[in-house]
Every structure is written in C-alpha cells, then in structure tokens.
1. Looking at the stretch A:220-237, which of its residues are loosely packed, with under 13 Cβ neighbours inside 10 Å and either modelled with pLDDT of 95 or more or over 22 Å from the mean Cα position of the chain (by Cα) (or both)?
2. Do we have A:A314 as under 30 Å from B:S319 (Cα atoms) and at the interface with chain B (Cβ under 9 Å from one of its Cβ atoms) here?
3. Tally time: how many residues in the stretch B:23-39 are in a helix (DSSP H, G or I) and open to solvent by 30 Å² or more (accessible area, probe 1.4 Å)?
4. Has the stretch A:238-246 got at least one residue that is within 13 Å of chain B (Cβ to nearest Cβ), assigned to a loop (DSSP other than H, G, I, E, B), open to solvent by 60 Å² or more (accessible area, probe 1.4 Å) and of a type in the set (S, T, N, Q)?
5. Considering only the stretch B:317-326, how many residues are more than 9 Å from every other protein chain (Cβ to nearest Cβ) and open to solvent by less than 80 Å² (accessible area, probe 1.4 Å)?
6. Which one of these does B:G56 not meet: (1) out of contact with any strand residue (DSSP E or B) (no Cβ under 6 Å at 6 or more places or on another chain); (2) at pLDDT below 95?
7. For B:A271, all conditions in the list (1) under 24 Å from B:T157 (Cα atoms); (2) in the same structural domain as B:A160 (by TED's automatic domain parsing) hold save one; what is the number of the exception?
8. Inside the stretch A:288-308, can you point out the residues that are without any contact (Cβ under 8 Å) to a residue 12 or more places away in the chain, crowded, with 16+ Cβ neighbours inside 10 Å and at the interface with chain B (Cβ under 7 Å from one of its Cβ atoms)?
Protein chains: 2
Amino acid sequence: MDIEELATGVIASERRALARAITLVESGRADHRAEAMRLLAALPQDRQALRIGLSGTPGVGKSTFIESFGMMLTAMGKRVAVLAVDPSSSRSGGSILGDKTRMDRLSRDPNAFVRPSPSQTHLGGVARRTREAVRLCEAAGYDVVLIETVGVGQSETVVAEMSDVFLLLLAPAGGDELQGVKRGIMEMADLIVVNKADGDLAATAMRTCADYSGALRLLRKRPQDPQGYPRAMTVSALQDIGLPETWETLQTLVNWRRDNGYWDRTRASQARYWFEQDIRQTLLAQLETPAARASMAELGEQVATGALDPADGAARFMSALRRDPD
Amino acid sequence: MDIEELATGVIASERRALARAITLVESGRADHRAEAMRLLAALPQDRQALRIGLSGTPGVGKSTFIESFGMMLTAMGKRVAVLAVDPSSSRSGGSILGDKTRMDRLSRDPNAFVRPSPSQTHLGGVARRTREAVRLCEAAGYDVVLIETVGVGQSETVVAEMSDVFLLLLAPAGGDELQGVKRGIMEMADLIVVNKADGDLAATAMRTCADYSGALRLLRKRPQDPQGYPRAMTVSALQDIGLPETWETLQTLVNWRRDNGYWDRTRASQARYWFEQDIRQTLLAQLETPAARASMAELGEQVATGALDPADGAARFMSALRRDPD
C-alpha cells in the first residue's frame, strides 16, 4: 500500500481514502500496524475537530439524536464524522451502526461520514482503533467527530478519555430511574440531554431533567467546568426541538475551556493516558499468544493441584516467556 | 541462610523459625526471593489449616473479636495464627497489628502466633507475602489461620481470594447503615457477625443482624453455600457471648464444603488466580524500574505535546524495553 498517497488522500478529504485509512488502523495484522503508524506519523497535527463523546442505553433515541444533530451541523456548513465504540459487537456481530438503514439521511449527506462499528476482539483494541480513526477524521478536516457508545461496562470511560466533551443521552423516566445511572457515568458527563421531550412525554422529560439538574449540583465541582456546568437539558431529536440550544451549550463550554487552557491540558493528559494504556496492553498481550496460553494452562494445572506454589509457577512461566518471547 | 534448616524448623513448628521464614517471604530482595521460593518448595503440601478471612472497619471491635475467638480456639486445643493484609500501612506506618499492645493475651498464648502487618509498597506485594505466610503457618501445623483486613479498597478481595471462609464483622447500627456496606463486600461474606451485642447495644445489634439477614437472602445463591448460608449472627467479643456458636456455624459450613468438593475446588481456583496475578504483576513491574520510568516520562512528554502519536510512543518504549530489559 502506498502510505504517502493514502495520507495525501486523507488530507485532501477523499472519502474513499479516509475509509481505507480507517480500515488500515482497524487491522490486527502486524504489517498493517506498521503501515498505520507510518500513516499517522505522516498526518498534520494542526487540524483539530471538536470530539463529542456520546453515551446512552438502547432505547433513548441515540441514532435519531445523532442523525438530527448531525444534519443540523451539516446545514450550518460543518463537516461531521460519526464513529462508535461498541464493546458488544464482538459477541453480537455489531449492535451500533451495524444496521445499514440507521442514520440513513446522515450517511447520504456529502458533509457527513458515518463509519460502522468495527468487529473487534476486546475493548483495548477497540479503543486504540477508534482513537486513531478520530485522528484520521481530524486530519481529513472534519469539524465535529461524534463518538458514540452504549452504556456497557468500561466503554463510557474509553469514550470519555478520547472526547473533548461528554454527553449523556437519557429518556424521560420516573424519579426512581435516577438511580439507574451510575454515579461514575454522571461524573463523566459535561451535559445530560433528556431526549423525547415531545407529546405525552414532554412533562415527564422536564421532571427528569430537573431531577438530574439537582443531582449534578450535588457532584464535586471539577476545575474544567465553568459556572453552571455540568448541566442537564431537554430535547426532542424526532421533532428537532432543542438541538441548536444543545450546540450552543456545548460551544459555550468549549470556548471557556479553550480560553482557560483546559482544552489543551485535557488533550495532553488524554494522549499520555493512551500512551500508558498502550504500553500496558502490549505487555499483557504477551500472555495471549498460543505458546503463552499453552504454558499458562500447563503450569496453572500444576499450581491448582498444589504441585507448584503460585509464585514458583509464575517464575517458571516468566523464564519460559523470556527464553522464547513468541 | 540455610534453607533446609529453616524448613525443618518451620515444620517442627519452632516459633523463631516461623518468624524468620515469614520475614524471608516478606523481603523484597532478589536473593531473598529465590531463597523464599526454595523454602516454599521444601514444605509439605499435606497440612491444611482453616483459613478464615476477616474484614471490618475500625471501631467494630476487630482486635477484641480476634483475641476472644483465638483464645477460645486455643482453649479447645487448636493452634491459631493471625496475619494481616493492611493496605494502609505503607502510608500510615501500620494501622493493623502494628500496636504491640493489641491482642496482648493472645500474643502470649503458646498456641497462638500473632504476626504484625508488614510494611509494604503496594497491595500486589502484600497479597503475595501474606499468601506465602499463610502457607508457612500451615506447614508449621497451625489449625486455624485468621487473615485480618480493614475495609479499604481492594483489600477484602485480596483476603477473600486466600481464605476458605470469609467473615464480615459489623457494629450495631441504625437501619440506614445497611447501605454503608458495599454490595460487593456483602457478596463475599460467608458469615456476617454483628459484634457488641451486649448491654445497651444488645437490642440494636439484634435489629442490625435481622436487617443483614434479610439483605443476605436477597443476594444471588452461590453453589458453594449450603441451605441457610450465607448468614448473619450476633456476638459480644467483650463478654464472650456467641463465639462458640460462631465457630460451630463456620464448622458446619466448612464440613459441607469439604463433603461437596467445594473446599478443594476453591483452593485450586484460588491458587490459579494467584498464579495469574503474579504473572501480570511481574509483567507490569517492568514499568517500575528507574530506566523504564525515565523512558516513559520522556516519551510521554513527546506524546503529550502531540509530537508523537500515543501508539507510536508506546511502540518506541517497548523497543527500548526489549533492547534493555533492566
């Protein structure tokens, strides 16, 4: 593959080049990995998109929100990319963006780029691929990159660690539902958006929003938040209500963070985080080779029967690994 | 050090030999580690103590309980060892068993062995040392090993993973207090013991016990539990009330588990767990050398400024680590 040509295509914002580049960073093959690193090194660092992380459980209207919000942005002249971190797709064969009919209008918009979720083996791998896909979209000149995830396990943390702002999408619900959102997720959110604030659900949406506004006020104040943030608001993605206000609310937050140095500081600490995560994953990946698995199984059996002490077994495993690292 | 002589002393249950052997497994020096492994390999596998994990926050009367419970057991002719996993002692200089005046009577009992908590660097290291100290106490012929911890962070998990039964000690408290015990800790417990069921607190202790009995019934049934377990009961360690019942309750549980194969199965899976943990810790310990730290700091700075992509920085770090592993 001609990596320089591919880089040129990405920088010129050719859709096919961008799609091929993302496929390259998603590949697990060692030679592809080396090419992906050359590609990333060849891209300019000076183009930054607004990276919006977006989480919401199934049923809150995530696709509808992304489509309506994305169409609004493209109508404003912005270029929008949509990516996904989907921890479930390795098992289910893809639950986010896998369905081609989802976000149909946005997908056909020439100023939008909607990428289906890759099939993957584990969250660590997904994280790196999505993070690198974000970089590619930025280099291709997209203004906004939406990174979507379902609220499962660690995926919100992964998305929050690669986003400039993090948005939690909720559906209207009774007061009891408040406790359904884990405190840790609430603490990540810069903006809570209660969707479906239309028709019969409008009043419930308002109450839910008020409940979350109250809950957000109880959280510990973060230095990266201006007065009044994090905050909660209502929208109807279906009826296009409240979406410009959502954008303005995000813009106000982002501008404050840029002016006060938090934008750069957060990006720097996120890069460091991924650097360290990558190292840890690479070290632990040594345990996943067929030879390592076989050795662990054999020594583990001796440890389980009591023939070997756990530390002794571990020391023998490490000697074998050092003798024959592959 | 003559390891064979030390092993002989431990097996003969000489207190000084046992104390020296524990000091050896606690040492961080590489040559001591090699000796510790030789020592452990020289010990018989056929002596098993009942390993009782015990957790409770400061103020529940943990020392008083251990002392009274231990004295009861030695009076029954059992030999009792007390160890501690203390995640806080590296910072505070020792908060469990560090005070020499604690468990004074038990410490002077010839059939008891009370070991102060070691000073340590991190929980991973503590875990291995305590686990190996348990093995030494077993080889020295102790019948019961009590492994104590305070309810801080991951220390309960560490203790539960090296215990045959896990006991959670609580103080009498209002109903609201129920939520103070994390669900994860409740799910580890085989027995909840509400202490201080004497004098003015007796009635409150009964109510607290009833609350927890109810809460335990709501937990998912585990295969290793006979009918009626996990359960809650009240004691007064100060007035020696309920301690024989606590022992009987544990005995009933342990006998059932032995008869139904769970004792051996749990020990085997625990050994496997520590084997795998040890391997992971050894791999990640490569990041803690001065050279690795310096390299991570330097590359991390380039990653933070955007001069290097996180994955590229990680790849460079790994190359350097492979070239020069120490």
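1. Filtering the stretch A:220-237 for residues loosely packed, with under 13 Cβ neighbours inside 10 Å gives A:220-223, A:227-228.
If the condition is that a residue be loosely packed, with under 13 Cβ neighbours inside 10 Å and either modelled with pLDDT of 95 or more or over 22 Å from the mean Cα position of the chain (by Cα) (or both), then A:R220, A:K221, A:P223, A:Q227, A:G228 are the ones that fit.
2. yes
3. Of the residues in the stretch B:23-39, 10 are in a helix (DSSP H, G or I) and open to solvent by 30 Å² or more (accessible area, probe 1.4 Å).
4. The initial filter retains those residues of the stretch A:238-246 that are within 13 Å of chain B (Cβ to nearest Cβ), namely none.
No: the stretch A:238-246 contains no residue that is within 13 Å of chain B (Cβ to nearest Cβ), assigned to a loop (DSSP other than H, G, I, E, B), open to solvent by 60 Å² or more (accessible area, probe 1.4 Å) and of a type in the set (S, T, N, Q).
5. So the answer is 2.
6. (1)
7. B:A271 satisfies every listed condition except (2).
8. Listed by number, the residues that qualify are A:V303, A:A304.
The values are calculated or read from the model by the stated rules, or taken from the named source; none is laboratory data. As the structure is a computational prediction, the values presented were derived from the model and not from experiment. In this analysis, Cβ positions are derived from the backbone assuming ideal geometry, glycine residues included, and neighbour counts consider all displayed protein chains. With ligands, DNA and RNA removed, areas are computed over all heavy atoms of the protein, side chains included. Shrake-Rupley method; radii C 1.70, N 1.55, O 1.52, S 1.80 Å.
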